[in-house]
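Only one structure is covered here, and it is reproduced in the block below.
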Amino acid sequence: MRRLVVVGSVAGAPGVTTTALAAAAAWPSDADGGVRPVVVEADVSGGDLMIRFGLPATPSLLDVAAAAGQPHSGSLLGAVNEIPFRTRVVAAVPGRGPCREAVRLLAGGVGRQVLLGDSHDRGTVLLDVGRLTEDVEPLLAAADRLVLVSRGGAESLTHVSAGGFATEAGAGRVTLVVVGPCPYPAEEIVGTLGIPRLFFLPWDTKSVAAMNSPKPGALGTRRLRPSPLMSAARLLARQMAEPRKEIPTDLSRGGHGLEDSEQLLTGGSRTAAVRVREVEESET
């Protein structure tokens, strides 16, 4: 069956779609038997990719959801479109009404089976749900991993803290991705939120602009020296693709939990540039 990774935010619009697309574009070629991941746009507020990349209105998320209610549910891959930078997506139409109903159908038992596929299906579904609402709760329960995307300010991180995700963190399901500048060190965030898996994703405006461009090759994922965003996305994608491991979340003994996570990836706002340079040099 496919791996299901839910990517979403607790509040605001911190860059969930950008995170999902960047991870898919940077997915390790040796993961999942070489099967490329699929980004499924499942935001109840409506989709953006169809308009952004000029994709056809059908097939889309609506077709996948409609098929899930039929005797023969069909295949998720039948609704896939290829966008620039070699990324496969299932796009959603704009508009809250139809998308909310589509997500509700996908969250049902048959819908989840369409996402996960059969026992012989391989690969990863990166489910871009936008805001984490009650509509996607069944999908969260079925997910192998939950990637929480947040900005680095006090308000955003407080919303994450109030979400109660620390109880899931020890099972290795939760990764917190902080996008853009953050004044707090990794140790403080981990110790306060109780989420040992923490990753800082630099907000690289040039790469984001290239990612939104319909021009093939604009992102340059195959360059010897990838952009800061794509260098960081490679590390994040590698973490997503690895088998899940339980990690200790007992932070009461004076530690911050960083040493306990073998897969923890950090590069805080003051050191991200150094970390990115190290990655680039190792790949040249």
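The values are calculated or read from the model by the stated rules, or taken from the named source; none is laboratory data. The model shown is predicted, which means the values in this text are computed figures rather than measured ones. Cβ coordinates were reconstructed from backbone atoms using ideal geometry, including for glycine residues, and neighbour counts include every protein chain displayed. When the accessible area is computed, the model is the full protein with side chains, heavy atoms only, and any ligands, DNA or RNA have been set aside. Shrake-Rupley method; radii C 1.70, N 1.55, O 1.52, S 1.80 Å.
Here are some notes:
- Look at (1) in contact with a strand residue (DSSP E or B) (Cβ under 9 Å, 6 or more places away or on another chain); (2) farther than 25 Å from Ala237 by Cβ; (3) open to solvent by less than 10 Å² (accessible area, probe 1.4 Å) and you find that Ala65 fails only one, number (1).
- Of the listed requirements (1) outside any helix (DSSP H, G or I); (2) among the small types (Gly, Ala, Ser); (3) surrounded by fewer than 20 Cβ atoms within 10 Å (Cβ to Cβ), Ser161 misses just one: (1).
- Complete set of residues in region 65-99 that are in contact with a Leu (Cβ under 8 Å, 6 or more places away or on another chain) and either without any contact (Cβ under 8 Å) to a residue 24 or more places away in the chain or farther than 24 Å from Trp27 by Cα (or both): Ala65, Ala66, Ala68, Gly69, Ala79, Val93, Pro98, Cys99
- Some residue of region 35-44 being more than 22 Å from Pro94 (Cβ to Cβ) and either hydrophobic (A, V, I, L, M, F, W, C) or surrounded by fewer than 24 Cβ atoms within 10 Å (Cβ to Cβ) (or both): yes
- Tallying residues that are open to solvent by less than 10 Å² (accessible area, probe 1.4 Å) and not in a helix (DSSP H, G or I) within region 164-179 yields 7.
- Restricting Ala57, Ala23 to those that are of a type outside the set (Phe, Trp, Tyr) and under 15 Å from Val149 (Cα atoms) reduces the list to Ala23.
- Hey, Pro71 open to solvent by 50 Å² or more (accessible area, probe 1.4 Å) and modelled with pLDDT under 90 or not: yes
- Members of region 104-158 found to be open to solvent by less than 30 Å² (accessible area, probe 1.4 Å), small (Gly, Ala, Ser) and within 18 Å of the chain's Cα centre (by Cα), listed by number: Ala107, Gly123, Gly130, Ala143, Ser150, Gly152
- Selection within region 85-99 - over 18 Å from the mean Cα position of the chain (by Cα) and either buried (at least 16 other Cβ atoms within 10 Å of the Cβ) or of a type in the set (Asp, Glu) (or both): Val93, Pro98, Cys99
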